[in-house]
Structures are given as structure tokens and as C-alpha cells.
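Student: The following block contains the structure, expressed as C-alpha cells.
The values are calculated or read from the model by the stated rules, or taken from the named source; none is laboratory data. This one's a predicted model, so the numbers in the text were calculated from it and none came from an experiment. Counting neighbours? That spans all protein chains shown, and the Cβs are built from the backbone with ideal geometry, glycine included. These area figures cover heavy atoms from the full protein model, side chains too; ligands, DNA and RNA do not enter into them. Shrake-Rupley method; radii C 1.70, N 1.55, O 1.52, S 1.80 Å.
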Amino acid sequence: MIKDLLRKENIEFKDDPQSLENASKDWSFVSPVLSKLPRKNVELVVYPKSEEEVVKVVEIALQEHIPLIPRGGGYGTVGGLIPLRGGIIVDMTKMNSISEDEEFIYADAGARFNANFRVYPTIWQKATVGGYFCGGSWGIGSYEYGVNWDQVVEVRVVNPKGKIVTLRAVSYTH
């Protein structure tokens, strides 16, 4: 049923065992606490390409009562990928645009780091903006530039009800 709904919306997904295994990989197995959590198999990996597709995925999951597991990119070391109740992994790596003006950098959740981001250089190789910020982003670069979430002025998210919400920094004035 869910596959039919995703096809109808033209949202890319995969359900083959190799894709599910690859999307479910993280480093939580190195944690003495996280490695003991029971895991269930996920049903699908979806690859939205826009905010609108993320909204549709959330709406379908709500309709079908299926848990969602958001996935940025990188290593996943804090347990965010552990499918405690199965569900669908929402892989954000196809939402990968980056633009900038004289004052700001605008990046989608799946955008890979580039030289304009103030992070520890090895992070560029694997992490995406969304995955890194959601995973804590307290890397060695934070000693020089401060923690990354203190540099974010605005974030647009799709909430669990399928609505786009904009969160803005309280102390920022333009």
C-alpha cells in the first residue's frame, strides 16, 4: 500500500535488502548503551528531492501509521538511525543544494560540506548539513568557530504533522 502511494506521488524509494542495509548503517554499535537497543527491520528507504516530497512522505506515514527515521549523511554515531519500531528511512541526500550571498549560506539537509562551512575538515567527506547538525555537531572546529548550531540563523523543517515550520534564532538581528 505505501509503495503505491509513494509511486503515485512520484517519490523515489528502494526496498531491496542491500539498499535497506546500506541506509541503516551507523556507528551506534560502538556504544555500550546504543548497541544493546533492539532493532527492527525497516521497510523502505525514501529519497525526497524537495520539501514538498518530505511533506508527502510524512503525510503518507501518518496515514499508514508507519514510523519515520530521518537520515542525513555521514556516520550516525548518536543512535538516530536505530529503527526501534521498524518504519521508513527518509534519506535526505538528494536534497543537496547550496547557495550563498554576501551574508549567508543556504543549504538543504542533504548538502555536503564545502570549504565555506566552519567544521573540522574530515567531516566534509561524509557528513551532510542536516545529519551533522542533528547529530550534535560538536566537533573540533567548534573550539575555533563555536558550535555550529550557534551559527545557524534559520532552519526550515517538516514537523511530525507534515507541516513546514521555520525556526529562527532569537538573538539574531538583521
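Student: Any residue at all in the range 30-51 that's at pLDDT below 85, open to solvent by 70 Å² or more (accessible area, probe 1.4 Å), farther than 30 Å from Ile98 by Cβ and β-branched (Val, Ile, Thr)?
Tutor: Yes, the range 30-51 contains at least one residue that is at pLDDT below 85, open to solvent by 70 Å² or more (accessible area, probe 1.4 Å), farther than 30 Å from Ile98 by Cβ and β-branched (Val, Ile, Thr).
Student: Now for a separate question. Mind counting the residues in the range 52-74 that are within 12 Å of the chain's Cα centre (by Cα) and open to solvent by less than 70 Å² (accessible area, probe 1.4 Å)?
Tutor: Residues meeting the conditions: 7.
Student: Considering the range 1-60 alone, what residues qualify as being over 23 Å from Ala127 (Cα atoms), among the aliphatic types (A, V, I, L, M) and touching an Asp or Glu at 6+ places or on another chain (Cβ under 7 Å)?
Tutor: Scanning the range 1-60 gives Met1, Ile2, Ile11.
Yes or no, residue by residue, for (1) open to solvent by 50 Å² or more (accessible area, probe 1.4 Å); (2) at pLDDT 65 or above; (3) within 23 Å of Glu59 (Cβ to Cβ):
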{"position": "Gly76", "(1), (2), (3)": "no, yes, no"}
{"position": "Ile98", "(1), (2), (3)": "yes, yes, no"}
{"position": "Glu102", "(1), (2), (3)": "yes, yes, no"}
{"position": "Ala109", "(1), (2), (3)": "no, yes, yes"}
{"position": "Phe113", "(1), (2), (3)": "no, yes, no"}
{"position": "Trp124", "(1), (2), (3)": "yes, no, no"}
{"position": "Val129", "(1), (2), (3)": "no, yes, no"}
{"position": "Asn159", "(1), (2), (3)": "no, yes, yes"}
{"position": "Ile164", "(1), (2), (3)": "yes, yes, yes"}
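Student: Given the conditions (1) touching a residue at least 24 places away in the same chain (Cβ under 8 Å); (2) β-branched (Val, Ile, Thr); (3) open to solvent by 30 Å² or more (accessible area, probe 1.4 Å), and given that Ile82 satisfies all but one, which numbered condition is not satisfied?
Tutor: All conditions are met except number (3).
Student: Another question about this same structure. What is the one condition in (1) at pLDDT below 85; (2) crowded, with 19+ Cβ neighbours inside 10 Å; (3) not small (Gly, Ala, Ser) that Val90 does not satisfy?
Tutor: (1)
Student: Look through the range 1-22, keep the residues that are open to solvent by 100 Å² or more (accessible area, probe 1.4 Å), part of a helix (DSSP H, G or I) and modelled with pLDDT of 95 or more, and return whichever of them is farthest from Asn41 (Cα to Cα).
Tutor: Step by step, filter the range 1-22, then rank; the result is Lys8.
Student: Identify, by number, the condition in (1) more than 17 Å from the chain's Cα centre (by Cα); (2) assigned to a loop (DSSP other than H, G, I, E, B); (3) in contact (Cβ under 8 Å) with a residue 24 or more places away in the chain that Pro32 doesn't meet.
Tutor: The number of the failed condition is (3).
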